[in-house]
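Trainee: Quick one: this structure, given as C-alpha cells, is what I'll be asking you about.
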Amino acid sequence: MGILGFKILILILLISIEKTLVEAAACGTKTVGATPTGNNQDVDTNTGSAYVTAYKFECCGVVKTWSFYPKATGTIKLQVWEDLGTGSYKLKGEDSSTSGTDMVSYKGGTNTNGNYRKGSVTPSVGSSIDFASGSILNFRTYGITATTADNTAPYFTGDKPLPQTVTAKDTTIPFSFYTIQATDDDANDVSTLTITFTSSPVEDIIQYRQLSKAYDVGTFYVTVVVTDQCQNSVTGILTIIVENTERDTFGGSAVSLHSLSVVDIHTYTCYLNATTPSTGGFTVTRPDGPASNAANQYTISNTGLVKLTPGTYLVHVSCADQHGGQAHETLTVVVEPNLAPSFSKTKDSITVDATVVKAGDVIYTPTATDPENDQVYCNFTCTPAITCPFEVSTVVRAKVDLDLHKIPNYDMSIGVNDGLTAGVPLALQITIDKINNQPVITNLPISDYVEVKENSATNTFIYKVSVTDKDAGDKIKLNYEFIPEKGSDFFKIDAYKNVRVKAGIDYESLDREIFQIKFTANDGREDSVPQYSLDCGAQHETDFIMDPSTGLVTVNNGQYDLDNTCKATETIPCVITATDLGDHTVKCNLEITISEINENPPVFDKENYDFTVPWDATPATTVGRATTTDLDCLSTHDERQHLYELCCNDLFSVRDNGQVYLSGDITSVPNYKTAKFDLTLTVTDRGDLAPNEYMVKTAPVTITVVEPPTTTTTTTTTTTTVFDINNIGAVTQAVRNPAKNPAHTEWNIWKDSDFSNPSIDCR
C-alpha cells in the first residue's frame, strides 16, 4: 500500500507554446486523446511523416500542454489540424519547424479508427494535405493528450483605451474622432480580430463627414465590440460630445436694428453721426452696395450686441443730398442684460442600484431652463474623479457597468450656461447601492499535502473548503478543476464543498502521486480573487479605501480636509499587505501625503448691495464696497486670492479690494439724474480648483443716482458795542477784578436796569 499525495491549490500555471484551434465554441479547459499510461507499447520508425489521429477538439481555444512518452530522440512537431472533410486537413498550428524520427507510441488492437499517416511531407501552417491518400492506421490508440486552456478575450490598447470621451466643435469636420486599438494575448487570435459598431450614430457621423456639414450638437455613444475567432469579445463605449461653437457676434453677421425711411427726390447719403455712449459698434449701411441714389434703403445695424454693456444707447444718424439738404434721426437702442439659465433645484441626491445600471444608462435628468429660451449647456466635476463612473451631457449617464464597482459615494457639481452666462450649479450626491463584496475562500491554500490512503473507501472525507461572503443571501457556487484531469476519476466535491474519495485508488497503478485542484468561489457576480488590504491606523481607518482586487487606493467620500487643523501638509503612514494564491504575504509601507489646497469658495458679506452715487460725482469716486471671506485657513489661500469683476456697465468698475467706483461720466446717460443701474458683482477664488464654477460667486448690485447733498454755510457775527460811560450814568470807577479771572482781558460793563447802580465786572 502506498500514500497518494494530494495538494489543493487555488491556481496552477502550466507553460507551453500556445496553439489556436479551429473556429468554434470556446474550449475552456479540456483534454483530448488517450493517456500515455497504458498505451505506451509500439512506435513506428518513419522519418518525415505526418500523422493525424482520431482525437478531435470540436471547439476553439489554445493548447497549453501536450503529454506523451518519447520513444526516440529528435524533435517532433506537435500539430493541430482542421478537418476539411473527405480526408483533407488544414494545419492550424505547431510547436516547431524541424522534423525527426517517430516518437509517439501507440497501443495496437484497440478499436480507435480514423488515424492517418502521410509520408515525406513538410507541411506549413495554413497548408492542406490529403491524408486520405496516405496510409489508414486503424486499430491504434496513440498515447498522447492535448490539454487546452481558456482562450482569453481581446482587450483595448493604446494611450487611451476605451472607454473614452472625445469632443469636437459643431463647426469642425475632423478626419478621425478616435483610433480604436485592440489586441489579444493569444497570438494566433490577433490577425482574426473583428471590430463592429452600433449602427447609430456611426452612420450619421459618417454621413456628416461625407457631406462636409456641421454635426448636430449633443452627446453620442458608440458601442465598439472586438471579437476573436473563438467568439470571445470585449465591449467599450466611445462617447462623442459635439459642442456648440461659442457665440460671439451672432456668427459675425450684423443684426438689423432699424430701417431708415428717407424721402428725397435727389440722391442722398446716410451716415452715422454719433453714438452716445461713444462705444457700441453701430453702423449705417446700404444692403445693396455703396452706390448712392434716390432709391437707397439704409439700415442701422450692430455686429456686437452680445458684448455690449447693458444700457441705453443713442444712435444719431444724418442723411444729406447733393444739394446740401439734410435730415437727422436719433434711434434709442436699449440693450438688456443676458439672463442666466437655471436648474429647477440646486441640490439633489439619488441612489442607484449597482446590479441594474449598465454603461450608457441615464441615471438622472436635471431640469434646466433659460428665461430667454437660449440653448443651455452643461459641464461637470465629479469627486473622487479618478474612479468616477459617471458623465454629464444634458443628462447624467453611467460610463461603465456598475455591477462590480466598489466606491459607494460620489459628489457631482453640474454647471449650466447658455454660452454667455453661467447659472447656479446643481450639487448632486450619488450613492451606489448593492455594491458587491467578493466571496473569499478562507482556508486555502494550505502549506502541506492532504494525504489519502490507498484503497480508501468511496466517499471518504478528505477536506472541506470554507467560503465566506459579506453579502447576506448570496448563493455561492464553488468551481473546481482537477490537474491533471485524471484526478476526477479518483476524487469528487459534494454539494457541501467537501472533497471526498470517488473510487478506490490502487497506488501501484498510478503514473503520478500528486493531484491538484484549482478552486474558485463565485457569488453570481464575481469570483474570489487575491486580496489586498490597507492599514493606516485606527485614526485613519475610514479615511482611505483600497480595492481588494485591484489595489487602487482612494480617499473615502473624496475629501480629506486640512483646514480644521490649519496644516499645509499631513503625511499618513500606512501598511499594504498583499496575499498571493499560495497564501504567502508581503508587506510594504505607503506614505500618503495630503496637501492643503485652496478649495473653499468665497462668501460675500451681504446677499445683495445697494449703493448710491450723486449725479455730479467725478470719475474714480468710490460708490461702495463689498467684502468677501472664505474658510481656507492658510494665509496664502484666504481672501487675498479673490478676484472681483463687475458686469455689465462701463460707467462703473471694481478695484482689487472690492471697492465699486465710478469709472465713466454719469451725465452721458439719458435721464442721468434719476438713473438706476442693476449690475452683477462676481468674485472668483484664484485657488487650486479654478476655473471651477464652484469657486465663483455672484451678488446683485444696485446703484441709484441721487441728488448731490446740500451744503449749508453757517456765519457767526460778532457785534461789538461801544458804550459811552458818560451816558450810562454815574459810574465812579471801572476796575479789573483779578481775583475772579486774573488772565481775562475783556471788560464787561454792567448796569442795573434802572441805571441807578452801575458796576463793572470781569468774567
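Trainee: Which of the residues belonging to the range 424-461 are β-branched (Val, Ile, Thr) and without any contact (Cβ under 8 Å) to a residue 40 or more places away in the chain?
Mentor: Scanning the range 424-461 gives a single hit, Thr442.
Trainee: Can I ask one more? Residues that are more than 30 Å from the chain's Cα centre (by Cα), at least 2 per element: which strands (runs of 3 or more DSSP E) completely within the range 510-624 meet that?
Mentor: 514-522, 585-595, 609-614
Trainee: Condition first: in a helix (DSSP H, G or I), at pLDDT below 50 and open to solvent by 40 Å² or more (accessible area, probe 1.4 Å). Can you find one or more residues in the range 184-204 that meet it?
Mentor: Yes, the range 184-204 contains at least one residue that is in a helix (DSSP H, G or I), at pLDDT below 50 and open to solvent by 40 Å² or more (accessible area, probe 1.4 Å).
Trainee: Between Pro601, Pro619, which is crowded, with 17+ Cβ neighbours inside 10 Å and either touching a Lys or Arg at 6+ places or on another chain (Cβ under 9 Å) or closer than 20 Å to Tyr672 by Cβ (or both)?
Mentor: Selected residue: Pro601, the only one of Pro601, Pro619 that is crowded, with 17+ Cβ neighbours inside 10 Å and either touching a Lys or Arg at 6+ places or on another chain (Cβ under 9 Å) or closer than 20 Å to Tyr672 by Cβ (or both).
Trainee: Specify the residue that is modelled with the highest pLDDT; the eligible residues are those in the range 275-310 that are on the phi > 0 side of the Ramachandran plot and open to solvent by 20 Å² or more (accessible area, probe 1.4 Å).
Mentor: Result: Gly281.
Trainee: Can you tell me which residue is nearest to the chain's Cα centre (by Cα) among those in the range 43-54 that are open to solvent by 50 Å² or more (accessible area, probe 1.4 Å) and at pLDDT below 80?
Mentor: Once the filter is applied, the top-ranked residue is Thr47.
Trainee: Can you tell me which residue is modelled with the highest pLDDT among those in the range 94-109 that are within 16 Å of Val121 (Cα to Cα) and either touching an Asp or Glu at 6+ places or on another chain (Cβ under 8 Å) or not in a strand (DSSP E or B) (or both)?
Mentor: The qualifying residue modelled with the highest pLDDT is Asp102.
Trainee: Filter the range 489-509 down to the residues that are surrounded by 16 or more Cβ atoms within 10 Å (Cβ to Cβ) and either touching a Phe, Trp or Tyr at 6+ places or on another chain (Cβ under 8 Å) or assigned to a strand (DSSP E or B) (or both) and list them by number. Break it down into steps so the answer makes sense when it comes.
Mentor: If we filter the range 489-509 for residues that are surrounded by 16 or more Cβ atoms within 10 Å (Cβ to Cβ), which is where we start, we get 490-493, 497, 499-502, 505.
The answer is Phe490, Phe491, Lys492, Ile493, Val499, Arg500, Val501, Lys502, Ile505.
Trainee: Something else now. Could you list all residues from the range 128-156 that are free of Cβ contacts under 8 Å to residues at least 60 places away in the same chain and of a type in the set (D, E, K, R)?
Mentor: Asp130, Arg140
Trainee: Continuing with this model, one more query. I'm trying to understand the selection: among the residues of the range 364-387, which are of a type outside the set (A, V, I, L, M), assigned to a loop (DSSP other than H, G, I, E, B) and at pLDDT below 90?
Mentor: Hits for the range 364-387 are Glu372, Asn373, Asp374, Gln375, Pro384, Thr387.
Trainee: Taking the range 331-363 on its own, how many of its residues are more than 19 Å from Ile237 (Cβ to Cβ), free of Cβ contacts under 8 Å to residues at least 60 places away in the same chain and either touching a helix residue (DSSP H, G or I) at 6+ places or on another chain (Cβ under 7 Å) or not in a strand (DSSP E or B) (or both)?
Mentor: Looking only at that region, the number is 3.
Trainee: Assuming Thr73 fulfils every condition listed in (1) part of a strand (DSSP E or B); (2) open to solvent by 30 Å² or more (accessible area, probe 1.4 Å) apart from one, which condition is it?
Mentor: Here Thr73 clears every test but (1).
Trainee: OK, next. Collect the residues in the range 221-254 that are outside any loop (DSSP other than H, G, I, E, B), modelled with pLDDT under 65 and open to solvent by less than 70 Å² (accessible area, probe 1.4 Å), keeping them in residue-number order.
Mentor: Passing the criteria: only Gly252.
Trainee: Are any residues in the range 361-386 within 22 Å of Lys434 (Cα to Cα), buried (at least 17 other Cβ atoms within 10 Å of the Cβ) and of a type outside the set (A, V, I, L, M), and if so, which ones?
Mentor: Within the range 361-386, Tyr364, Cys382, Pro384 meet the criteria.
Trainee: Does the range 459-469 contain any residue that is open to solvent by 50 Å² or more (accessible area, probe 1.4 Å), modelled with pLDDT under 90 and part of a loop (DSSP other than H, G, I, E, B)?
Mentor: The answer is no, given that none of the residues of the range 459-469 is open to solvent by 50 Å² or more (accessible area, probe 1.4 Å), modelled with pLDDT under 90 and part of a loop (DSSP other than H, G, I, E, B).
Trainee: Kindly establish whether Gly218 is at pLDDT 65 or above, farther than 30 Å from Cys319 by Cα, touching a Phe, Trp or Tyr at 6+ places or on another chain (Cβ under 9 Å) and open to solvent by less than 50 Å² (accessible area, probe 1.4 Å). Show your work before the answer.
Mentor: On the way: at pLDDT 65 or above: yes; farther than 30 Å from Cys319 by Cα: yes; touching a Phe, Trp or Tyr at 6+ places or on another chain (Cβ under 9 Å): no; open to solvent by less than 50 Å² (accessible area, probe 1.4 Å): yes.
Answer is no for this residue.
Trainee: Any idea how many residues of the range 470-483 are assigned to a strand (DSSP E or B) and farther than 11 Å from Asp494 by Cα?
Mentor: 6
Trainee: Follow-up. Is at least one residue of the range 327-344 closer than 30 Å to Asp401 by Cα, modelled with pLDDT of 85 or more and of a type outside the set (S, T, N, Q)?
Mentor: Yes, some residue in the range 327-344 is closer than 30 Å to Asp401 by Cα, modelled with pLDDT of 85 or more and of a type outside the set (S, T, N, Q).
Trainee: Looking at the range 121-133, which of its residues are part of a loop (DSSP other than H, G, I, E, B) and surrounded by 10 or more Cβ atoms within 10 Å (Cβ to Cβ)?
Mentor: Hits for the range 121-133 are Val121, Thr122, Pro123, Val125, Ser127.
Trainee: Here's something else I'd like to know. Considering only the range 510-548, state which residues are within 18 Å of Ile476 (Cβ to Cβ), open to solvent by less than 40 Å² (accessible area, probe 1.4 Å) and at pLDDT 85 or above.
Mentor: Ile517, Phe519, Thr520, Ala521, Asn522, Asp523, Glu526
Trainee: Just to be sure, is Asp665 open to solvent by 60 Å² or more (accessible area, probe 1.4 Å), of a type in the set (D, E, K, R) and at pLDDT 80 or above?
Mentor: yes
Trainee: Are any of the residues in the range 416-424 more than 30 Å from Lys492 (Cβ to Cβ), out of contact with any Leu (no Cβ under 8 Å at 6 or more places or on another chain) and open to solvent by less than 20 Å² (accessible area, probe 1.4 Å)? Talk me through it step by step, then tell me what you get.
Mentor: Restricting attention to the range 416-424, the residues satisfying the condition of being more than 30 Å from Lys492 (Cβ to Cβ) are 416-424.
From what's left, out of contact with any Leu (no Cβ under 8 Å at 6 or more places or on another chain): 417-420, 422-424.
In the following step, the residues that additionally are open to solvent by less than 20 Å² (accessible area, probe 1.4 Å) were identified as 418, 423.
Yes, the conditions are met somewhere in the range 416-424.
Trainee: Taking the range 387-409 as the search range and keeping residues that are open to solvent by less than 70 Å² (accessible area, probe 1.4 Å) and over 30 Å from Asp523 (Cβ atoms), which one is nearest to the chain's Cα centre (by Cα)?
Mentor: Val392
Trainee: I need every pair where a residue in the range 608-626 that is touching a residue at least 24 places away in the same chain (Cβ under 8 Å) has its Cβ under 7 Å from the Cβ of a residue that is in a loop (DSSP other than H, G, I, E, B) and among the hydrophobic types (A, V, I, L, M, F, W, C), sequence separation at least 6 or different chains.
Mentor: That search, which allows pairs on different chains as well, returns Tyr609/Ala626.
The values are calculated or read from the model by the stated rules, or taken from the named source; none is laboratory data. Remember, it's a predicted structure, so these values are computed and weren't measured experimentally. For neighbour counting, all protein chains shown are included, and Cβ atoms are generated from backbone atoms with ideal geometry for every residue, glycine included. These accessible areas exclude ligands, DNA and RNA; they are computed on the full protein's heavy atoms, side chains included. Shrake-Rupley method; radii C 1.70, N 1.55, O 1.52, S 1.80 Å.
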